[in-house]
1. Under a Cβ-Cβ cut-off of 13 Å, what is the net charge of the residues other than Y129 that fall near it, where Lys and Arg count +1 and Asp and Glu count -1?
2. Return the distance in nm (one decimal) between the two label points of a simple spin-label model at N110 and N170, each offset 7 Å from Cα along Cα→Cβ.
3. Placing +1 on the Cβ of each Lys and Arg and -1 on the Cβ of each Asp and Glu in the stretch 68-132, which of S76, A113, S93 has its Cα farthest towards the positive end of the resulting dipole?
4. Cα atoms only, the stretch 1-112: Rg and Dmax in Å?
5. Given labels modelled 7 Å from the Cα in the Cβ direction, how far is it in nm from D45 to N83?
6. Take the residue pairs K12/K91; K41/K109; K39/K133 and return only those whose Cα atoms are more than 22 Å apart.
7. Tell me which residues come under 5 Å, amide H to amide H, from F67 once H is placed; ignore anything under 5 positions away on its chain.
8. What is the ratio of the Cα radius of gyration of the stretch 38-173 to 2.2 N^0.38 Å, where N is its residue count, to two decimals?
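Just so it is clear, none of the values below were taken in a lab; they were calculated from the coordinates. Note that the coordinates shown come from a computational prediction; the quantities given were computed from them, not determined experimentally. Cβ placement follows ideal geometry from the backbone for every residue including glycine, while neighbour counts extend to all protein chains displayed.
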Amino acid sequence: MYETIIRVNGKKIPHYYLDSYLPRYKNSNPGEFSEDVLKFKRGVDYSIMDRFATEIIRLVSDAELKFDIIVPIPSSSANTIKNGTKIFVSKVSKGLKIENGVNILVRIKNVPASHLCTASNRPTEDRHYETIKCENGLSNMRVMLFDDIVTAGNTSRACIRRIFDTGVTNITLISLAKTE
């Protein structure tokens, strides 16, 4: 487990993640963990979803974090939460006995997928912010914001801003990996 800080609107948001992700284009042998994260993203290997759900539940317990809800970051396609993410969020919410917030953040317009972009044409934080809405219902909740991989952090920061718009200030970002 690793911990870092993401700064959003002058506030420090804790970010916990399991390990580093090594993209294939940078490393011909990214390793088992990075390959497993890619399998998770594809959403076809349920044993990977179970394993990562168990690891995230353990991370939350070991770090003594307390949440009321888990909210996944939406994919780059409008009105889409990947099936694997839905299954994972369901398992984590049941395991931690917290609410499943799978429909709280909604992408309303497509943006290019970050993994298909170079650093120079990746969607900005503001572009993500413009294309995501946050459904109400989070007041006074301790929010676990979940993303599979955090690369530049633009999507995460935009989602945190959207959640801030509802008045919530207690947000922790949890991800499987952070890109190296």
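1. Values: positive: R107, K109, R127, K133, R157, R161, R162; negative: E125, D126, E130, D165.
Within the 13 Å Cβ shell, the charges total +3.
2. Each label point is offset 7 Å from its Cα along the Cβ direction, giving 3.9 nm.
3. So the residue furthest toward the plus end is S93.
4. 14.9, 40
5. With each label placed 7 Å out from Cα toward Cβ, I get 1.7 nm.
6. K12/K91; K39/K133
7. Hits under the 5 Å cutoff: none.
8. On the way: Rg = 14.4 Å, N = 136, 2.2 N^0.38 = 14.2 Å.
Here the answer is 1.01, to two decimals.
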